[in-house]
Amino acid sequence: MKPTISYDDFAKLDLRVASVLEAREHPNANKLLLLKIRVDDVEKQIVAGIRGHYDPADLVGTQIIVVNNLEEVVLRGEESQGMLLAASDADAVILLRPERECRPGATIK
C-alpha cells in the first residue's frame with residue numbers, strides 16, 4: 001500500500017476522458033505504444049506501457065481516462081504529455097474507460 005494522501009493532494013489531479021486518435025508502436029521500446037489523444041480541443045501524445053496487451057489499431061476511436069496535468073517527460077526519445085489509467089494483474093493490463101462514450105475532456109470526479 002502507498003501512503004495516505006489528503007483530499008487536497010488528490011484534487012490536484014486533472015483526470016479527464018480522452019479520445020484516441022492514433023496509436024502506434026514505439027520505435028525504441030518493445031513494451032510501449034505511442035497514443036495521439038484529444039482532450040477537449042487539445043491534441044497530445046502519451047507514451048503507454050501497454051504494448052502486447054492492446055493492438056494499436058483496436059485503440060483508435062476508443063476513449064480512455066488520462067491524468068491530463070502530469071508533467072511532460074521524454075520516454076525513450078518520445079514526448080509524453082500525460083498518463084493513461086489502467087489496472088494490472090499477473091496476466092493483463094486493463095484500460096480504465098468510461099462506461100459509455102462522452103465528450104473528450106469530460107472531467108472525472
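The values are calculated or read from the model by the stated rules, or taken from the named source; none is laboratory data. These numbers come from a predicted model, not from an experiment. Here the Cβ is made from the backbone with ideal geometry for all residues, glycine too, and neighbour counts use every protein chain on show. Heads up: the accessible areas ignore ligands, DNA and RNA and are worked out on the full protein's heavy atoms, side chains in. Shrake-Rupley method; radii C 1.70, N 1.55, O 1.52, S 1.80 Å.
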Cβ-Cβ under 8 Å pairs, at least 6 apart or on other chains, the stretch 55-76 side more than 16 Å from LEU33 (Cβ to Cβ) and open to solvent by 60 Å² or more (accessible area, probe 1.4 Å), far side of a type outside the set (A, V, I, L, M, F, W, C) and assigned to a loop (DSSP other than H, G, I, E, B): ASN69/LYS12; ASN69/ASP14; ASN69/GLY82; LEU70/GLN81; LEU70/GLY82; GLU72/GLN81
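Return yes or no: is ARG103 outside any strand (DSSP E or B) and free of Cβ contacts under 8 Å to residues at least 40 places away in the same chain?
Taking the combined requirement at face value, the residue does not satisfy it.
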Qualifying residue in the stretch 35-50 (condition: modelled with pLDDT of 95 or more, among the small types (Gly, Ala, Ser) and under 23 Å from CYS102 (Cβ atoms)): yes
Checklist (1) open to solvent by 60 Å² or more (accessible area, probe 1.4 Å); (2) touching a residue at least 24 places away in the same chain (Cβ under 8 Å) applied to ALA90, failing item: (2)
Residues of the stretch 1-20 that turn out to be farther than 26 Å from ASP58 by Cβ and open to solvent by 40 Å² or more (accessible area, probe 1.4 Å), as a count: 13
Filter pass, ILE108 being open to solvent by less than 30 Å² (accessible area, probe 1.4 Å) and out of contact with any helix residue (DSSP H, G or I) (no Cβ under 6 Å at 6 or more places or on another chain): no
Residue selected from the stretch 27-43 under the condition closer than 11 Å to PRO104 by Cβ and open to solvent by 20 Å² or more (accessible area, probe 1.4 Å), by the criterion nearest to the chain's Cα centre (by Cα): ARG38
